[in-house]
Amino acid sequence: MSTLAAFGKLPTLNSATILMVGTNDALLQQLAETLLKEKQDLKINIHLTDSLPLPAERDHIRPRIDLIVFMINIQSKYSFKEIEASLVHVDANFFLGKVCFLAMGVGRMNRISVDVNAILKLADRYCSPVLFCELECENIRIATAQRLLRMLQICAGHMSGITALSFSSLMKSSIDDSSFMA
């Protein structure tokens, strides 16, 4: 069980891999199925886990991971703690645009257990963007999947003219700017 390395493997032509980390298996699975239903020119590989570290690689069968999505259920302190504990098993180079946080459960703000500011501070500490969504709603799940696929294409290097780091910086800037507008 070792730290996930961002640039330990070469990219694969017309392929991209996303690792989704979260404690809500049903929503992880639903989002993964939605991602796979979207039309793509790429072969998308999706790996799901409830926490890191991942088991040790055997014979180098794990593909290169292009994007890690940490899914936090804001209605569960356990979810937040598991993600915090998992972050230490990720190489710092992933935080150069290849990580995002997905805060789920925002549609029921009366049932939150995790302060939204705690999630924003965590994302800020790791220089990564946060997407807020309600995955139980199919339309929002589809829109979130499309957004993640666009991010995955960028992180895997399949979008000319933009890098994962510059895209992440743009997302972070737009989030920071919108907070001043409110």
### Query
Over 29 Å between Cα atoms, which of 39/81; 98/121; 37/98; 43/77 qualify?
39/81; 43/77
### Query
Modelled label-to-label distance, residue 160 and residue 56, 7 Å Cα→beta-carbon offset: nm?
4.4 nm
### Task
Please order 70, 101, 132 by the number of other Cβ within 10 Å, starting at the fewest.
132, 101, 70
### Task
Within 10 Å of each residue's Cβ, count the other Cβ atoms and sort 127, 100, 155, 137 from fewest upward.
137, 127, 100, 155
### Summary
Taking a ≥ b ≥ c as the square roots of the Cα gyration tensor eigenvalues, with a/c under 1.5 meaning rounded and otherwise prolate when a/b beats b/c or oblate if not, segment 95-140 comes out oblate
### Query
Under 5 Å between amide H atoms, partner at least 5 residues away or on a different chain: which partners does residue 45 have, H built in plane at 1.01 Å?
16, 17, 18
### Task
Sort 78, 126 so the one with the fewest other Cβ atoms within 10 Å of its own Cβ comes first.
78, 126
### Message
Could you compute Rg(Cα) / (2.2 N^0.38 Å) for segment 15-181, with N its residue count?
### Response
0.99
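Where a number appears in this text, it was derived from the coordinates with a stated rule and is not lab data. A quick note: this is a predicted structure, and the numbers were derived from the prediction, not measured. No Cβ is skipped: glycine too gets one built from the backbone with ideal geometry, and neighbour counts run over all protein chains shown.
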